[in-house]
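Bear in mind these aren't lab numbers, they're just calculated from the coordinates by the rules spelled out. Bear in mind the structure is a predicted one, so any value in this text is a computation, not a measurement. Glycine gets a Cβ as well: all are built from the backbone with ideal geometry, and neighbour counts include every protein chain shown.
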Amino acid sequence: MFVAAALLAVQAVSTPLGEEPTDPYTISNVNAGAKPSGDPRVFAAWNGKVGIDRVVDRFVDRNFADPRISDIFKNHDQVRLRRALKEQFCFILGGECDYTGRNMRNSHKDLGIQNADMNALVENLQTAMGEEKVPFWAQNKLLAKLAPMRRDVVER
Ligand code: HEM
């Protein structure tokens, strides 16, 4: 009984405003798929939380508008996706945020994502980082953390 109550406490039991409900899952920063950068210069080079939020918004806009991959994104909860990506990038870039989304394998399951889709998405991310004038060395910090996630996102 106590165990059940404790488990419930860490599950996503409420739905943030404007988002669609999801099946319950256990919230953990481990779901972000990478450990945070320990170098404070990285977060600063991204212009902090506001810079990360701007990059994510431009990145998501591009993905939904990109004819190469827009079919994969349409009909998915854009409000939730923006929030989860902002948390994930902030956590990974050492911004002391918590990630409350699902892990990469479960959130991309059955989406049919191929290597070419992943490449298109990375291109859109590079454009968004460039628009924020994130220096290349700090862009690469994020890209290096995301690269191993390809195996959880791309369908084999
Ligand atoms: C390393 C690369 C990637 C990362 C870090 C990433 C990150 C994320 C995150 C944080 C979420 C939200 C999880 C949640 O709702 O709990 C998500 C969902 C999603 N991602 Fe990705 N993603 C990546 C690659 C891709 C690619 C290549 C595509 C398609 C071209 C894609 C399409 C989607 C879609 C459609 C959703 C929404 C799923 C749903 O509503 O159930 N992602 N992604």
**Request:** Sort out which residues of region 77-104 are assigned to a loop (DSSP other than H, G, I, E, B) and closer than 15 Å to Val55 by Cα, and write them in order of number.
**Result:** Leu93, Gly95
**Request:** Residue by residue through region 24-74, note down the ones that are over 20 Å from Asn103 (Cα atoms), exposed (fewer than 12 other Cβ atoms within 10 Å of the Cβ) and within 16 Å of the ligand (Cβ to nearest atom).
**Result:** Ala65, Pro67, Asp71, Lys74
**Fill in**
Only unsatisfied item for Val134, checking (1) surrounded by 13 or more Cβ atoms within 10 Å (Cβ to Cβ); (2) of a type outside the set (Ser, Thr, Tyr); (3) part of a helix (DSSP H, G or I), is (3)
**Prompt:** Which of the residues that make up region 132-155 are near the ligand (Cβ under 10 Å from one of its atoms) and of a type in the set (A, V, I, L, M, F, W, C)?
**Reply:** Leu142, Leu143, Leu146, Ala147, Met149, Val153, Val154
**Asked** within 17 Å of Glu20 (Cβ to Cβ), among the aliphatic types (A, V, I, L, M) and surrounded by 19 or more Cβ atoms within 10 Å (Cβ to Cβ) - does that describe any residue in region 82-89?
**Response** yes
